[in-house]
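The values are calculated or read from the model by the stated rules, or taken from the named source; none is laboratory data. Note that the coordinates shown come from a computational prediction; the quantities given were computed from them, not determined experimentally. A quick note on method: Cβ atoms are made from the backbone with ideal geometry, for glycine too, and the neighbour counts reach across all protein chains shown. Just the protein is used for accessible areas: all its heavy atoms, side chains included, with ligands, DNA and RNA removed. Shrake-Rupley method; radii C 1.70, N 1.55, O 1.52, S 1.80 Å.
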Amino acid sequence: LSEALFNEKLWLQLGQPAIDRAHPPACLNLSLHEMENERWKPIPGYEGLYELSSRGRVRKLAGWSHSPNKAWLPDRIMALRLMRSGKAPKDTHQYLSVSLTKEGTKQKIMIARFLYYCFVAEFDLKDRHLVVQLMG
């Protein structure tokens with residue numbers, strides 16, 4: 001399978017789970033093809049630049065590059081990364097994230113937090129005391 005359709009780096013970070021590489025789960029799927037029952041909403045604060053799907057995928061919308069040699073770039077699905085929080089092993093939590101850029105500034109967002117905000121219930125995204133935990 002082409003690297004452009006499968007997030008190989010995340011697959012390795014997750015311990016190479018036994019999956020069907022031809023039909024990867026959402027977090028590994030970089031194809032622009034819509035997934036079954038997938039809905040898209042603008043990411044708060046990044047409207048017109050990025051969208052989040054109900055399946056946890058992030059789409060960078062088509063637009064001009066910010067490099068000196070301006071070029072029109074098409075839509076693309078962004079690769080998610082596995083991050084760890086906490087310093088001691090027992091305090092470490094893992095979460096999926098992606099880095100978004102707006103006006104030359106990069107910010108890392110936690111996918112679960114924005115999924116909850118966009119598709120379940122809105123809350124104060126600036127309040128770092130509110131934590132979204134995935135149960136499973």
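Hey, which of the strands (runs of 3 or more DSSP E) in region 1-64, taking only ones fully inside, have at least 2 residues that are open to solvent by less than 60 Å² (accessible area, probe 1.4 Å)? Strands (runs of 3 or more DSSP E) meeting the threshold: 50-53, 58-60.
Do you know which residues across region 16-71 are β-branched (Val, Ile, Thr) and within 14 Å of the chain's Cα centre (by Cα)?
Answer for region 16-71, where residues must be β-branched (Val, Ile, Thr) and within 14 Å of the chain's Cα centre (by Cα): 43, 58.
Looking across region 87-121, the residues that are farther than 14 Å from residue 131 by Cα and at pLDDT below 90 come down to 87, 88, 89, 90, 91, 92, 103, 104. Output yes when any residue across region 79-95 is surrounded by 12 or more Cβ atoms within 10 Å (Cβ to Cβ), more than 22 Å from residue 124 (Cα to Cα), in contact with a helix residue (DSSP H, G or I) (Cβ under 8 Å, 6 or more places away or on another chain) and not aliphatic (A, V, I, L, M), and no when none is. Within region 79-95 (the criterion being surrounded by 12 or more Cβ atoms within 10 Å (Cβ to Cβ), more than 22 Å from residue 124 (Cα to Cα), in contact with a helix residue (DSSP H, G or I) (Cβ under 8 Å, 6 or more places away or on another chain) and not aliphatic (A, V, I, L, M)), the answer is yes, since at least one residue qualifies.
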